[in-house]
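Q: This structure is in structure tokens; I'll ask about it shortly.
The values are calculated or read from the model by the stated rules, or taken from the named source; none is laboratory data. Everything numeric here is computed off the predicted structure, so don't read it as measured data. Here the Cβ positions follow ideal geometry from the backbone for every residue, glycine too, while neighbour counts run over all protein chains shown. Ligands, DNA and RNA are excluded from the accessible area calculation, which covers all protein heavy atoms including side chains. Shrake-Rupley method; radii C 1.70, N 1.55, O 1.52, S 1.80 Å.
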Protein chains: 2
Amino acid sequence: MSRHPSPLLLSYHAATELFRAGEDTPRDFLERSIERLEAVEGTTRAFAALSIERARVAADAATQRWREGRPLSPIDGMPIGIKDVIETFDMPTGLGSPTSERYRAPRDAACVFALREAGAAIVGKTKTTEFASTFPTDTRHPLEPSRTPGGSSSGSAAAVGGGVLPAALGTQVIGSVLRPAAYCGAFGFKPTFGAINRGGSHDFQSQSCIGAIGASLADLWHTVFGIALRAGGDPGHPGLFGDAEPPKPSRPSRLIVLRMPDWETVPADVNRQFESLLSACSAAGVQLLTGAAHAGVAAFEQAALDMQALSFELVGYESLWPLKTAAYHDAWGLTQRMHDRIAQSSALGREGYRALLNRRAALRAQFEALVADTDGIITLTTPCAAPIGLSNTGNSKFTVQASLLGAPAITVPMLEDGGMPVGLQLIGGQHRDEALFRTAGWIAGL
Amino acid sequence: MSRHPSPLLLSYHAATELFRAGEDTPRDFLERSIERLEAVEGTTRAFAALSIERARVAADAATQRWREGRPLSPIDGMPIGIKDVIETFDMPTGLGSPTSERYRAPRDAACVFALREAGAAIVGKTKTTEFASTFPTDTRHPLEPSRTPGGSSSGSAAAVGGGVLPAALGTQVIGSVLRPAAYCGAFGFKPTFGAINRGGSHDFQSQSCIGAIGASLADLWHTVFGIALRAGGDPGHPGLFGDAEPPKPSRPSRLIVLRMPDWETVPADVNRQFESLLSACSAAGVQLLTGAAHAGVAAFEQAALDMQALSFELVGYESLWPLKTAAYHDAWGLTQRMHDRIAQSSALGREGYRALLNRRAALRAQFEALVADTDGIITLTTPCAAPIGLSNTGNSKFTVQASLLGAPAITVPMLEDGGMPVGLQLIGGQHRDEALFRTAGWIAGL
């Protein structure tokens, strides 16, 4: 298969071999990152804040440890970006608000603290849409500045896709990790709901997750597992299951082929690439279940139709409090469009919200029953490449399903649309994140 | 029955009749609160911060609305205190840390914002133990300053029990609402887990709840329901069920009498009062299920034995991140004893934590099965009165069960121990908060 990741991707995992061999160091890696950042940031605008000197201190300490053969973790010294809805003690947390003073938290979020414990070099805060919702930032696509990088983890995707960083944290409640990762030609991973401790992150909604955008599956796994190992999952959740070693590629036995809602909007050429990928899977012995031949898959394709509307309603209701307190005190500032959104979301009410929770629970049960004896779903991450223009961050119709289902999802940069990256998406059953990485690794190698 | 609430309790609910009749106003009510506060605060030390002038503005606005017969809610104008782990935009949030700068949040927590929407007058932040854990503050018992008011919602209980406020918010992860409420002769309510939105509150643990301490059951209901109506529950939870009107007293059909662990430490005189209360229930036609006669109750009494140890381990693990980031950055400061606690909690690890979650889930299933065809559990809130001395906040052996089970619990000030208040505790099945209020109302009237 042809593959179409961003040509700029910069793997830290690959470099660690060189650290061990004494042919490269984390500090040199970081300096190349900084050099790249300085070259492109004026155009890409991926960062809301930087902490370069502190990152250098971390990279120097890591350089020493790798030299002595005792790195703290596989990401010891890795330059990483943090989405600007996640608290950091050394940089403000702006939540993407264009109108306000930026808030300075007195602490690190759980995931940031875990990254520091693992030795990572926190380079900066990456830009996000307003309150990690849909109103865009000024960040541009790293390969083609006339296009959106996607959102809401816009800066994280632009920094990784642009070869500035090997990994960056994002958060996803609708499609905010996978969509921008796919647009920017990077790998992206949204774990099972609750798998990563959200303490100190402002992604509080009931289907929100911290995830990562990275230069390779190994970079993603090391980053997310490194956090899970040190900070655990959300309180009351078992956290990410798996081992420190990146899951080895392994051929899946059976995959569900899911045609997402509005599949007819997929350009013919992208659809051809997808079909050709399916043929390659089939030829290698993977059993493919399609809606045309399997009643359960067909029923689930039907069920998927209104998952986007359902998610918008749920998330809108859950966002009322922080938006209202922001509006009242002008704490972070609020644009008129966000004021309008408050008015829309207020209509749902307690009873309406409860009914939606019940609907979501039923959809989750339907999905888990369907996926149980398979290796997951194979589909596209977006219908097409990143749209031209910065006025919106693209379509979440293909990414919202995994968010609503609380299921792990991975995007692999394998397809293209007029020369721009398009992602292949894999979705697994809850807590089967590690197995999904095995499948993703195998498919990425086709 | 004789009853032994604090003689100082000051009900806002009772006063609203007078507001309607034009014989009292919220502003006058507030001024009496402030007067009382000024008289006792030097001894009791219930407040970490005050916002008197802003409270006066709120009370004046409420006065106008009551006068015009259109109050925003039953708690419009009510003076209320907020535990100092819950964020307020107009006062710092100190988390009970004795060594640090106090953090100023740029927003109101969801529950605080809801209270403001309901018209309440936020008077101040009430003192808590260090990080709402077990190390005491300098707050004293409002009836007897040589004694602890209990913890961790120490200031909230002291302010209500001391007749300064009709209600104050607390949080409970082990016993931090019900125990201090009982010690201070007040009513206390910890709702079903998830029933009150914890956004912006630093009680993040997997069995933590926002609750209230109040001068009457009606004050409690109006406060907690008023929040639930406006801010909902935790994201993904259905929130508190019920109606705006305080649940009417209603005789329960069947109650489980639970002898808590170390029941033999209950003083003979307190036990006699408890037995006499049971006799009154029985005489009124309530069927009582005891461990002596009911195998399920006996088994549950056994199961309750290690709920305290289990809770300490769970909460310790979940508290690692915020304590570690506080320790690292000295964000809020950390005493040596908290550093020691980090070391203890680190031993559990991910696998150990998962095993404890499974144990808790099994205990919850056992409890819900037992309680399903009853009106709940009747027991004591503490074995005895508040201990003398400020070196510890008393015993959580009788309150931890409802916390671990995620179940609603109410304490009613009905018993006494050497002239000091002791609480009767009622525990219901999850989401049956409203029914538990009916039972509590009936028993309080015996």
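Q: Using the structure shown, decide if B:ALA114 is in a helix (DSSP H, G or I), open to solvent by less than 30 Å² (accessible area, probe 1.4 Å) and more than 10 Å from every other protein chain (Cβ to nearest Cβ). Break it down into steps so the answer makes sense when it comes.
A: On the way: in a helix (DSSP H, G or I): yes; open to solvent by less than 30 Å² (accessible area, probe 1.4 Å): yes; more than 10 Å from every other protein chain (Cβ to nearest Cβ): no.
For B:ALA114, the condition - in a helix (DSSP H, G or I), open to solvent by less than 30 Å² (accessible area, probe 1.4 Å) and more than 10 Å from every other protein chain (Cβ to nearest Cβ) - is not met.
Q: Now a separate question. Considering (1) touching a residue at least 60 places away in the same chain (Cβ under 8 Å); (2) touching an Asp or Glu at 6+ places or on another chain (Cβ under 8 Å); (3) not β-branched (Val, Ile, Thr), say which one A:TRP66 fails and leave the rest.
A: A:TRP66 satisfies all of (1) touching a residue at least 60 places away in the same chain (Cβ under 8 Å); (2) touching an Asp or Glu at 6+ places or on another chain (Cβ under 8 Å); (3) not β-branched (Val, Ile, Thr) except (1).
Q: When the residues of the range B:382-407 are filtered to those that are of a type in the set (A, V, I, L, M, F, W, C) and under 20 Å from B:SER6 (Cα atoms), which remaining residue is most open to solvent (accessible area, probe 1.4 Å)? Walk me through it before giving the result.
A: Pass one, the range B:382-407, residues of a type in the set (A, V, I, L, M, F, W, C): B:384-386, B:388, B:390, B:398, B:400, B:402, B:404-405, B:407.
Going one step further and asking which of them are under 20 Å from B:SER6 (Cα atoms), we end up with B:384-386, B:388, B:390.
Working: B:CYS384: 45, B:ALA385: 6, B:ALA386: 2, B:ILE388: 123, B:LEU390: 49 Å².
Selected residue: B:ILE388.
Q: Going by the conditions given, is A:GLU301 of a type in the set (D, E, K, R), in a helix (DSSP H, G or I), open to solvent by 20 Å² or more (accessible area, probe 1.4 Å) and more than 14 Å from every other protein chain (Cβ to nearest Cβ)?
A: Values: of a type in the set (D, E, K, R): yes; in a helix (DSSP H, G or I): yes; open to solvent by 20 Å² or more (accessible area, probe 1.4 Å): yes; more than 14 Å from every other protein chain (Cβ to nearest Cβ): yes.
Yes, satisfied.
Q: Can you confirm whether the range A:76-89 contains a residue that is within 9 Å of another protein chain (Cβ to nearest Cβ), in contact (Cβ under 8 Å) with a residue 60 or more places away in the chain and open to solvent by 10 Å² or more (accessible area, probe 1.4 Å)?
A: no
Q: Which of (1) closer than 13 Å to A:ASP84 by Cβ; (2) aliphatic (A, V, I, L, M); (3) in contact with a Lys or Arg (Cβ under 9 Å, 6 or more places away or on another chain) does A:ALA121 not meet, given it meets every other one?
A: Status for A:ALA121: all satisfied but (1).
Q: Another question about this same structure. Look at B:THR16 and say whether it is of a type outside the set (A, V, I, L, M, F, W, C), under 26 Å from B:GLY119 (Cβ atoms) and touching a Pro at 6+ places or on another chain (Cβ under 9 Å).
A: Details: of a type outside the set (A, V, I, L, M, F, W, C): yes; under 26 Å from B:GLY119 (Cβ atoms): yes; touching a Pro at 6+ places or on another chain (Cβ under 9 Å): yes.
Yes, satisfied.
Q: For the range A:315-391, which helices (runs of 4 or more DSSP H) that fit wholly inside it have 3 or more residues that are more than 14 Å from chain B (Cβ to nearest Cβ) and in contact (Cβ under 8 Å) with a residue 24 or more places away in the chain?
A: Values: elements: A:320-329, A:336-345, A:349-371.
Here the list reads A:336-345, A:349-371.
Q: Determine whether the range B:141-154 contains at least one residue that is outside any loop (DSSP other than H, G, I, E, B) and either open to solvent by less than 10 Å² (accessible area, probe 1.4 Å) or at pLDDT below 95 (or both).
A: Just the residues of the range B:141-154 that are outside any loop (DSSP other than H, G, I, E, B), to begin with: B:147, B:154.
Remaining after also requiring either open to solvent by less than 10 Å² (accessible area, probe 1.4 Å) or at pLDDT below 95 (or both): B:154.
Checked against the condition, which is being outside any loop (DSSP other than H, G, I, E, B) and either open to solvent by less than 10 Å² (accessible area, probe 1.4 Å) or at pLDDT below 95 (or both), the range B:141-154 yields at least one hit.
Q: Here is a check on your reading of the model: is B:LEU288 more than 14 Å from chain A (Cβ to nearest Cβ), open to solvent by less than 40 Å² (accessible area, probe 1.4 Å) and more than 16 Å from B:ILE82 (Cβ to Cβ)?
A: Values: more than 14 Å from chain A (Cβ to nearest Cβ): yes; open to solvent by less than 40 Å² (accessible area, probe 1.4 Å): no; more than 16 Å from B:ILE82 (Cβ to Cβ): yes.
Criteria not met by B:LEU288.
Q: Please determine whether any residue of the range B:198-211 is at pLDDT 95 or above and more than 14 Å from every other protein chain (Cβ to nearest Cβ).
A: Yes, the conditions are met somewhere in the range B:198-211.
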